[in-house]
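Below is one structure, written out as structure tokens; comments come after it.
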Amino acid sequence: MKNASLILSFLVTLYTTELRSQAGTLDIGFSFDGKLTTPVNTQADIAYAIAMQSDGKIVVAGGCVINQQFDFALVRYNPNGTLDNSFSSDGKEILPFGLGNDVVYGLAIQPDGKIVAAGVSGPSNLTSSAFALARFNPDGSRDIGFNGDGELTTSFGSSFETARAVVIQPDGKIVAAGSFHNGVNMDFGLARYLPDGMPDSSFSVDGKVITPIGENLDDAYAIVLQPDGKIVAAGRSFISPKLHFALARYNSDGSLDTSFGTGGKLTTNIDSSGGWATSLAIQPDGKLVAFGYVESGQDDEFAIARYLSDGTLDDSFGNDGAFLVPNTAEGHAVLLQPDGKIVVAGSKYNGLPGTIFDFALVRFNSNGAFDNSFGINGIVSTSFDDEDVAHAMVMQPDGKIVVAGYSESSLNKDFAVARYLSGLVLGVLDFSAPQSSAFIYPNPVGQQATLEYTLKDIEEISILLLDQQGKTIKSFLEQEIQYAGDHQQTLVFPGGLASGSYVLVLSNANGRIVIKLVR
């Protein structure tokens, strides 16, 4: 018994040590050292998107070069970082749309586990391109219930069109955002599809919306859904003499929401070098966080801005609502932690001989100040090889942060994935346990459910409903002070909430409990 007690004590100590590790530390439970590279094919492989399944498996997507042109490429990992051989037999799925370049830029997982990938398809001579979408069954095979063969392309009637982001609405409709070339310059382009892949005629008549923002180069790189059903797209717009952050907000029918910005659109001059937004997140209070970078040769820097719900800059964020992050390079991904902190990812110039970029993560407090508890002065960098760039990021239900991109050596480019500890002390509630400090019933839930929990001390808590990608669906409580004792909360879920798996997060300043629930 003594030996057993020692073993148990060691395991408890190890678990506690992991939970209390420095925020930003690589998670050694993922591929032994917290990072991995995956060659999808023998030539260049670049990951642009990531999504988390309800079972903890990780899907990463982008493009791989075969015969000197890109094809759609998806890889699925088990929670420990090994390839999931139940996905397309070897953990990898490659899909060519035609005799051209096909790349995934956006990825989403439906409540039924099907995987939607969105990107671009064009001929090898690069004379034209179109929105390209594919839907896969959980085993990696194409879903023939989607447009008859699992794939589709959408043309707006121009020569160059690219989808860069995709989201799934609660009603199962699919919205893709990117760019449309009108014959002279680029405009924002959005398309909405019914669950079977057909164009949604309730979205601007033909399922497509084209929005000019500035003078030229209007590209949407990111898209989010608001709880009220409105759609926000973010990207870039050229207004002489430089690029600006650009956002547009749409009503559920595809019309511009005139209560946002000027006539539904806004642009932000981030810096004299010019810049664009590559990612977007929405806070529980309705504020929008846009993240990207300014481009100025060897002086590229992360750029971030926060907007109030009407589109005006939030001057409580940083100095005036927008700022740059020195000693960084390209910025590509943003996520919001349940405690209100903001994590961004991209690349960082490392200054080492023979190398160029490392993965770079930066975490901010909710007011925009660097979070000094994360890495070194709020910044974490990770080297794989000569050039390493992070393009996408997701937070697991247990609070760990998974980042995907590519790593390039002198020989090749491969998918690169790293997982980090967030520093949050988290726990996942097990409903099979005989006793719990919190539980929800009924589960599966209907339009509403009852949450019961016990607090040992007075606490300031928040209660959020998140989807499996970590996006906030609804905030039930936000930093509300509650006294010690038993509590009962009636939760009314949003109308039109799709069937599937979700998580309910109870959090305070020190950590959170995650309750898995099914709709």
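Read the figures in this text as sums done on the coordinates, not as results from a lab. Nothing here was measured: the structure is a model prediction, and the numbers come from that model. In this analysis, Cβ positions are derived from the backbone assuming ideal geometry, glycine residues included, and neighbour counts consider all displayed protein chains.
Considered as an equivalent ellipsoid built on the Cα gyration tensor, the range 107-257 has semi-axes of 25, 18, 13 Å, the largest given first. Relative protection proxy for 397-409, 459-471, from highest mean packing down: 397-409, 459-471 (other beta-carbon atoms within 10 angstrom). Among His332, His487, His181, His244, the ranking by other beta carbons within 10 Å of each residue's beta carbon, starting with the fewest, stands as His487, His181, His244, His332. Taking one quarter of the surface of the C-alpha convex hull of the chain gives a mean projected area of 25.1 nm². For the range 256-305, report the translational diffusion coefficient in µm²/s to the nearest whole number, using Stokes-Einstein at 25 °C, 0.890 mPa s, and a Kirkwood Rh over Cα pairs. Once the numbers are plugged in, D ends up at 202 µm²/s. Centre-to-centre separation between the Cα atoms of the range 154-220 and those of the range 59-137: 19 Å. Among residues other than Phe97 with Cβ under 15 Å from its Cβ, the summed charge is -4 (Lys and Arg +1, Asp and Glu -1).
Applying the Karplus parametrisation 6.51 cos²θ - 1.76 cosθ + 1.60 with θ = phi - 60° to the phi angles of the range 75-92, what ³J(HN,Hα) value in whole Hz is obtained for each residue in order, glycine and proline being reported as x? With coefficients 6.51, -1.76 and 1.60, one gets 10, 10, 10, 6, x, 8, x, 6, 5, 8, 6, 7, 9, 6, 6, 10, x, 10 Hz.
Across every direction, the projection of the convex hull enclosing the Cα atoms of the range 105-192 has a mean area of 5.9 nm². I'd like the distance separating the alpha-carbon centroids of the range 236-265 and the range 435-493, in whole Å. Value for the Cα centre distance between the two parts: 35 Å.
All distinct Cα pairs of the range 18-147 go into the 1/r average, and the inverse of that average, the Kirkwood radius, is 15.5 Å.
Of the residues Phe357, Asn101, Ile458, the one whose Cα sits farthest towards the positive end of the charge dipole of the chain is Ile458 (charges of +1 on Lys and Arg Cβ, -1 on Asp and Glu Cβ, taken about the Cα centre). The gain in end-to-end length when the Glu478 to Thr258 segment is fully stretched comes to 76.4 nm, 0.36 nm per residue minus the alpha carbon separation.
With respect to the chain, whose longest principal axis is taken over its alpha-carbon atoms, helix 2-19 is tilted by about 40°. In units of the rule-of-thumb radius 2.2 N^0.38 Å, the range 171-323 shows an alpha carbon radius of gyration of 1.02.
Each stretch of four or more DSSP H residues adds -39500 (n - 2.57); spread over every residue of the chain, this sum gives -1000 deg cm²/dmol at 222 nm.
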